[in-house]
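The structure appears below as structure tokens.
The values are calculated or read from the model by the stated rules, or taken from the named source; none is laboratory data. Quick caveat, the model's predicted, so the values are computed rather than measured. Cβ placement follows ideal geometry from the backbone for every residue including glycine, while neighbour counts extend to all protein chains displayed.
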Amino acid sequence: MQADKAGRIEVNPDLSVPGMEGVYVAGDLALVRDRQGRALPGLAQVAKQQGAYLGRALVKKIIAGADSAPFVFNNRGNTAIIGRHSAVFDFGWCRVKGWPAWLLWALIHVYLLVGFEHRLLVVAQWVWRYLTYERGARLILEPECSSRSKLK
Ligand SMILES: Cc1cc2nc3c(=O)[nH]c(=O)nc-3n(C[C@H](O)[C@H](O)[C@H](O)COP(=O)(O)OP(=O)(O)OC[C@H]3O[C@@H](n4cnc5c(N)ncnc54)[C@H](O)[C@@H]3O)c2cc1C
């Protein structure tokens, strides 16, 4: 099994592992290339599409004994938050920025979560952080580092 520097396994176009019958890899662990030979990014939309593809492909293989067409990533666009009320959205064919993009970012992220409970929880956490200015990021320090910094 061949892995790159990032630990990703280069898979066949149907996400099967070369030389390993019945073994498939999807998501961040899979190194999949687009038609131009570029590696697909380690993003949630890639992982989700691969998961859905693999589910369908395995059902087809088990029930009909048929192989599926290669996995093709459908890029739905890229987005990034750039401030408290600002984001950018690049759909390829159109760009949105500022607070409309920020609102769109939030709506789409909540919509894409699995299950009503998760959506409700994330909305509640975001509203709380928005109102209290509490930051989501947490630093994880090695016990050795934190005790050393206390001594200084
Ligand atoms: C800080 C951060 C921010 C990110 N922000 C974005 C973003 O804004 N937009 C975006 O599109 N992508 C983002 N990503 C990337 C995105 O999270 C990943 O591409 C996506 O989650 C990959 O999905 P996955 O299913 O391959 O892996 P994961 O989502 O990591 O799922 C792997 C699962 O396997 C479980 N697991 C691990 N080892 C074992 C084991 N031995 N036995 C059983 N279970 C195990 C883990 O607990 C985990 O639940 C971000 C990633 C990080 C780290």
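With respect to residue 24, is the statement that it is touching a helix residue (DSSP H, G or I) at 6+ places or on another chain (Cβ under 9 Å), more than 25 Å from residue 126 (Cβ to Cβ) and within 16 Å of the ligand (Cβ to nearest atom) true?
Details: touching a helix residue (DSSP H, G or I) at 6+ places or on another chain (Cβ under 9 Å): yes; more than 25 Å from residue 126 (Cβ to Cβ): yes; within 16 Å of the ligand (Cβ to nearest atom): yes.
Yes, satisfied.
Only one of 42, 7 is within 15 Å of the ligand (Cβ to nearest atom), modelled with pLDDT of 90 or more and closer than 30 Å to residue 104 by Cβ; which?
Working: 7 fails: closer than 30 Å to residue 104 by Cβ.
Sole residue among the options that is within 15 Å of the ligand (Cβ to nearest atom), modelled with pLDDT of 90 or more and closer than 30 Å to residue 104 by Cβ: 42.
Residues are listed down the side, and each one gets a yes or a no for (1) within 15 Å of the ligand (Cβ to nearest atom); (2) at pLDDT 95 or above; (3) touching a Leu at 6+ places or on another chain (Cβ under 9 Å); (4) part of a helix (DSSP H, G or I):
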| position | (1), (2), (3), (4) |
| --- | --- |
| 37 | no, no, no, no |
| 50 | yes, yes, yes, yes |
| 53 | yes, yes, yes, yes |
| 57 | no, yes, yes, yes |
| 61 | no, no, no, yes |
| 71 | yes, yes, yes, no |
| 82 | yes, no, no, no |
| 93 | no, no, no, no |
| 96 | no, no, yes, no |
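Any residue that is touching a residue at least 40 places away in the same chain (Cβ under 8 Å) and under 18 Å from the mean Cα position of the chain (by Cα) - is there at least one of those in the stretch 24-39? Can you show your working first?
Start the filter on the stretch 24-39 by keeping residues that are touching a residue at least 40 places away in the same chain (Cβ under 8 Å), which leaves 32.
With under 18 Å from the mean Cα position of the chain (by Cα) added as a condition, the list becomes 32.
Checked the stretch 24-39: at least one residue is touching a residue at least 40 places away in the same chain (Cβ under 8 Å) and under 18 Å from the mean Cα position of the chain (by Cα).
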